[in-house]
Amino acid sequence: MSQQATVVAFKKSSGRIALRSADGSFVLAEQTDAKPMAEGLSLEGNMSEFGPEVWSDAQGQTQYEVFVLGWDLSAEAIEQAM
């Protein structure tokens, strides 16, 4: 199921990404490619299954390879994981 979320934190050294979804919950993933990523980026893709996924930016121009680590997380869980 495709979802849309916004990057709220990105740790370049580990590739970890935290995103906030429309319902206010958070998604945690690791970027597995080397494309530039930054906070505020809006991404779409399957964000509710563990494992490798390909997400695209809101315009559909750039695709990012990620590994989903968790979803429906709290802000506290994201702070600990980052």
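Those residues that are over 11 Å from the mean Cα position of the chain (by Cα), more than 11 Å from ALA18 (Cβ to Cβ) and hydrophobic (A, V, I, L, M, F, W, C), I need them from region 39-81; list them, please.
PHE50, ALA58
Pairs only if they're at least six apart or on different chains, beta carbon under 7 angstrom, first in region 9-28 and closer than 14 Å to TRP55 by Cα and in contact (Cβ under 8 Å) with a residue 12 or more places away in the chain, second open to solvent by 60 Å² or more (accessible area, probe 1.4 Å) and of a type in the set (Phe, Trp, Tyr); list them, first residue then second.
VAL27/TRP71
Looking only at region 1-22, which residues are in a strand (DSSP E or B) and not small (Gly, Ala, Ser)? Don't jump to the end; show me each part of the working.
From region 1-22, those in a strand (DSSP E or B) are 2-11, 16-21; that's our starting set.
If the condition is that a residue be in a strand (DSSP E or B) and not small (Gly, Ala, Ser), then GLN3, GLN4, THR6, VAL7, VAL8, PHE10, LYS11, ARG16, ILE17, LEU19, ARG20 are the ones that fit.
Taking only region 4-50 into account, find how many residues are touching a strand residue (DSSP E or B) at 6+ places or on another chain (Cβ under 6 Å) and not hydrophobic (A, V, I, L, M, F, W, C).
The qualifying residues number 18.
Residues of region 54-70 being open to solvent by 40 Å² or more (accessible area, probe 1.4 Å) and either touching a His at 6+ places or on another chain (Cβ under 6 Å) or not small (Gly, Ala, Ser) (or both), which ones?
The answer is VAL54, GLN59, GLN61, THR62, GLN63, GLU65, PHE67, LEU69.
From SER42, SER21, SER13, SER25, which residue is of a type outside the set (Lys, Arg), touching a Ser or Thr at 6+ places or on another chain (Cβ under 9 Å) and more than 14 Å from ALA58 (Cα to Cα)? Full working, then the answer.
On the way: SER42 fails: more than 14 Å from ALA58 (Cα to Cα); SER21 fails: more than 14 Å from ALA58 (Cα to Cα); SER13 fails: touching a Ser or Thr at 6+ places or on another chain (Cβ under 9 Å).
From the options SER42, SER21, SER13, SER25, the qualifying one is SER25.
Under the condition of being at pLDDT 95 or above and of a type in the set (D, E, K, R), which residue from region 21-38 is farthest from ALA9 (Cα to Cα)?
Residue satisfying both the conditions and the ranking: ASP33.
The values are calculated or read from the model by the stated rules, or taken from the named source; none is laboratory data. Note that the coordinates shown come from a computational prediction; the quantities given were computed from them, not determined experimentally. Cβ atoms come from the backbone with ideal geometry, glycine included; neighbour counts cover every protein chain shown. Protein only, heavy atoms only, side chains kept; ligands, DNA and RNA dropped before computing areas. Shrake-Rupley method; radii C 1.70, N 1.55, O 1.52, S 1.80 Å.
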